[in-house]
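The values are calculated or read from the model by the stated rules, or taken from the named source; none is laboratory data. Bear in mind the structure is a predicted one, so any value in this text is a computation, not a measurement. Here the Cβ positions follow ideal geometry from the backbone for every residue, glycine too, while neighbour counts run over all protein chains shown. Note: areas computed on protein heavy atoms with side chains; ligands, DNA, RNA excluded. Shrake-Rupley method; radii C 1.70, N 1.55, O 1.52, S 1.80 Å.
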Amino acid sequence: MSMKLLIDADGCLSAEGVAITPICKGWSQNKKYRIETAQGERFLLRVAEKAQRRQMKADFAGLNPVAKLGEAAQQPVAFGRSGKWVYSVLTWVDGEDLTSVLPTLAQDEQYAVGLQAGALLKQIHAVVPVKRPKDYVAMFRQNISKSIERYVPIGMSPEDSRIIIDYLIANKRALGSRPRTFLHGDYNTGNLILMPDGTLGAIDFLAYFGDPWQELCAISVGEEATPHYQTGLVNSYFDGKPPAEFFEAMAYQSTFDALTRVSPDDSPEVFEIGCKHIKNIFRWFDRFQNTIPTWYLQDWSTT
């Protein structure tokens with residue numbers, strides 16, 4: 001990519017000989033643009049204030065392993081600075097996100113896309129050698145204890161809130177201790193693109209190391225699960241039905257993640273979505289009476 005980018009005092013972009021389209025999707029506070037050159041090349045541009053330079057640069061460098069995934073993943077292209085702003089340029093993955101696509105598909109098509117998503121996730125986890133567990137499980141357990149101490153019942157009855165707290169205290173063993181892998185970091189349907197050729201691409205990598213099973217819990221905050229898609233994803237990842245300990249870990253990690261996402265300091269919109277997410281998880285796992293979520297279709301392939 002060769003072009004001169006100019007960013008004004010308000011973070012608005014201009015450049016000669018390119019088409020610029022602002023992007024308003026997503027939760028990030030950074031400004032985002034799709035840019036298309038006269039030669040038809042398309043890129044994603046992220047713009048942030050200079051104070052975020054160190055973090056943005058580290059995030060950009062963290063994407064290096066993604067190059068091994070080729071066109072199935074958004075690739076890092078360039079990192080730079082313009083006035084009081086810093087920016088990163090990534091390749092553009094053409095297509096529609098699965099959040100939009102899945103409701104239009106038949107159940108068997110949703111399952112087939114889920115199979116693709118599980119296969120792609122395994123590729124992502126394999127781009128660099130796995131790392132030993134180290135102490136991340138112990139650190140995670142400490143964070144759980146701190147979060148429980150800070151927890152204020154939000155959007156739940158006192159009885160249900162007590163069930164959540166008691167469950168998290170009593171079931172830390174469900175975390176297990178797996179080798180860490182390279183993670184996408186936010187593997188939900190909004191970040192998976194069905195490309196024109198029918199294959200999947202992944203965008204918006206957070207790119208860090210952690211428990212690979214954590215990625216299989218990534219249902220968009222506040223959204224309902226799509227059973228056939230989600231079942232296909234899990235089955236594909238495990239080359240068949242997953243082990244029982246996976247569902248135990250999923251129930252635990254999903255619950256803890258939901259708890260940490262909700263804060264009275266959030267905007268009313270974000271607060272409401274976070275509360276809805278906790279209620280969804282509570283319902284999927286039948287108030288923790290069943291570790292297999294209600295959306296997992298155990299017998300679907302035989303119906």
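The condition of being in contact with a His (Cβ under 8 Å, 6 or more places away or on another chain), under 26 Å from GLU159 (Cβ atoms) and not small (Gly, Ala, Ser) holds for VAL262. Residues in the range 86-118 that are open to solvent by 20 Å² or more (accessible area, probe 1.4 Å), under 16 Å from TYR33 (Cβ atoms) and either free of Cβ contacts under 8 Å to residues at least 24 places away in the same chain or not in a strand (DSSP E or B) (or both): 2 in all.
All of (1) among the small types (Gly, Ala, Ser); (2) open to solvent by less than 40 Å² (accessible area, probe 1.4 Å); (3) touching a residue at least 60 places away in the same chain (Cβ under 8 Å) hold for GLY83 with one exception: (2).
Selection of the range 216-231 for residues being of a type in the set (A, V, I, L, M) and open to solvent by 10 Å² or more (accessible area, probe 1.4 Å) yields ALA218, ILE219, VAL221, ALA225.
Okay, residues lined up against (1) over 19 Å from the mean Cα position of the chain (by Cα); (2) of a type in the set (Gly, Ala, Ser); (3) at pLDDT below 90; (4) more than 18 Å from LEU45 (Cβ to Cβ):
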residue	(1), (2), (3), (4)
LEU69	no, no, no, yes
ALA73	no, yes, no, no
PRO76	no, no, no, no
SER82	yes, yes, yes, no
TYR87	yes, no, yes, no
LEU90	no, no, no, no
VAL93	no, no, no, no
GLU96	no, no, no, yes
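Of everything in the range 232-268 that is closer than 23 Å to LEU200 by Cβ, of a type in the set (Gly, Ala, Ser) and in contact with a Leu (Cβ under 8 Å, 6 or more places away or on another chain), the residue that is surrounded by the fewest Cβ atoms within 10 Å (Cβ to Cβ) is SER236.
Residues in the range 49-75 that are assigned to a strand (DSSP E or B) and more than 15 Å from ASN30 (Cβ to Cβ): how many?
1
Cβ-Cβ contacts under 7 Å between residues 6 or more apart (or on different chains), taken from a first residue in the range 53-67 that is more than 21 Å from GLN123 (Cβ to Cβ) to a second residue that is among the β-branched types (Val, Ile, Thr) and open to solvent by less than 60 Å² (accessible area, probe 1.4 Å), are listed as ARG53/VAL86; MET56/VAL86.
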